[in-house]
Amino acid sequence: MNNEKIDVMIKRREDQAAGVSVFEFISVSGEALPEFEAGAHIDVHITPELIRQYSLSNAPGSRDCYRLGILNDPESRGGSRTIHETFQPGMTLQISAPRNHFPLDLNAEHSILVGGGIGITPMLTMAYTLKAAGKSFELHYCCRSRSSAAFLDELQAEFPQQLHLHFDDQADEQRFNPEQVFAGYEANGHVYVCGPSGFMDWVMNSAKEQGYAAENVHFEYFNAEVDSSGEAFEVEARQSGVTVRVEEGQSITDALAGAGIKVEVSCEQGVCGTCLCDVLEGTPDHKDHFLTDEEKEDNDQIAVCCSRSKTERLVLDI
Ligand code: FES
């Protein structure tokens, strides 16, 4: 994982729709920012202890700034609220280089992009990329109301043919109907979803029911509920020569921290992959949303912020 940190300055903040602020970061050194692709995100170092991931939302190819749309989430564990309260133009901070766990397949016959609420942000980069490549796509934006829809003017101006708006507080006919949207199933069609986890599960399941293969349904959770319940077990950190007991209700990272072993974490919700460790022995009980089903079956990596163990003992390469 590329751990390079980049010093940036907030060039602009625009409070857009209800609870959403759009921030533009430019490099402090004046150099061009690293390139990124559609679907990429960056880590934002909000405070030394608080790191959160946000999708980039400007057109890939623009290296003069990174643009983020951030919802002041009432369920925030501190990240988005601190950003909304403290981030102002002129302030400097550190970010990571872009990473992409949500890449776009440009070979698709047709792509269906579905953004729920602030989940529209990675869809913007995808729509810009598909449009620039002359590819066939449609973009569905689902929001509680028009006033809660960020980036609306830009979306209407840039993607008038492809954009479909769906507001919860308006007529039934315009609501997002996954059965209808996915009914014209195409073997080489791809679906991309980002939004609240319940919404994403609903959209992804509908796409699969309409015939889309699991590998053609792409998703990125930015916030996930993690069920980290399970019985106690033992973890050996082989390189460190330390064994700890992970109690019921405790995470592996917390148990290791108690023995002085610090594993870098970020989301602590099993969505970012920062805390992945190699497994040498034992079988993980995967609770994360980051590894693919195939990777989970390999059982050679574990997200230690939330996953547990199916065996009484787990040996990790740390
Ligand atoms: Fe993000 Fe564990 S810290 S997956």
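The values are calculated or read from the model by the stated rules, or taken from the named source; none is laboratory data. The shown structure was predicted, so the numbers you read here are calculated from the model rather than taken from an experiment. Heavy atoms of the whole protein, side chains included, go into the accessibility calculation; ligands, DNA and RNA do not. Shrake-Rupley method; radii C 1.70, N 1.55, O 1.52, S 1.80 Å.
At-a-glance table
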{"read-out": "Distant-in-sequence amide H partners of Ala40 (H built 1.01 Å from N, under 5 Å)", "value": "Leu56"}
{"read-out": "Coarse-grained scattering of segment 17-159 at q = 0.10, 0.18 Å⁻¹, given as base-10 log I(q)/I(0) from a Debye sum over alpha-carbon atoms", "value": "-0.34, -1.10"}
{"read-out": "For segment 63-76, Karplus couplings with θ = phi - 60° (6.51, -1.76, 1.60), whole Hz, Gly/Pro x", "value": "10, 7, 7, 10, 10, 10, x, 10, 7, 6, 6, x, 8, 3"}
{"read-out": "Accessible surface ranking that places the most exposed of Tyr128, Tyr66 first, with a 1.4 angstrom probe", "value": "Tyr128, Tyr66"}
{"read-out": "MRE, 222 nm, helices only [DSSP H, n ≥ 4, -39500 (n - 2.57), over the chain, to nearest 500]", "value": "-5000 deg cm²/dmol"}
{"read-out": "Whole-number Å³ per residue for the convex hull built on Cα positions in segment 165-249", "value": "164 Å³"}
{"read-out": "Carbon + sulfur, % of accessible area of segment 140-267 - ligands and nucleic acids excluded, 1.4 Å", "value": "43 percent"}
{"read-out": "Nearest 10 degrees, 0 to 90: helix 120-132 Cα axis against the chain principal axis", "value": "60 degrees"}
{"read-out": "Fluctuation leader among Pro98, Pro178, Pro60 - the chain, Gaussian network, Cα springs under 10 angstrom", "value": "Pro178"}
{"read-out": "Computed over segment 70-225, Cα set: Rg, Dmax in Å", "value": "16.2, 49"}
{"read-out": "Accessible area of Asp172 in the full protein assembly, 1.4 Å probe (Å², nearest 10)", "value": "110 Å²"}
{"read-out": "Glu24, Glu31, reordered so the largest accessible area comes first (probe 1.4 Å)", "value": "Glu31, Glu24"}
{"read-out": "The chain, Cα convex hull volume normalised per residue, Å³", "value": "142 Å³"}
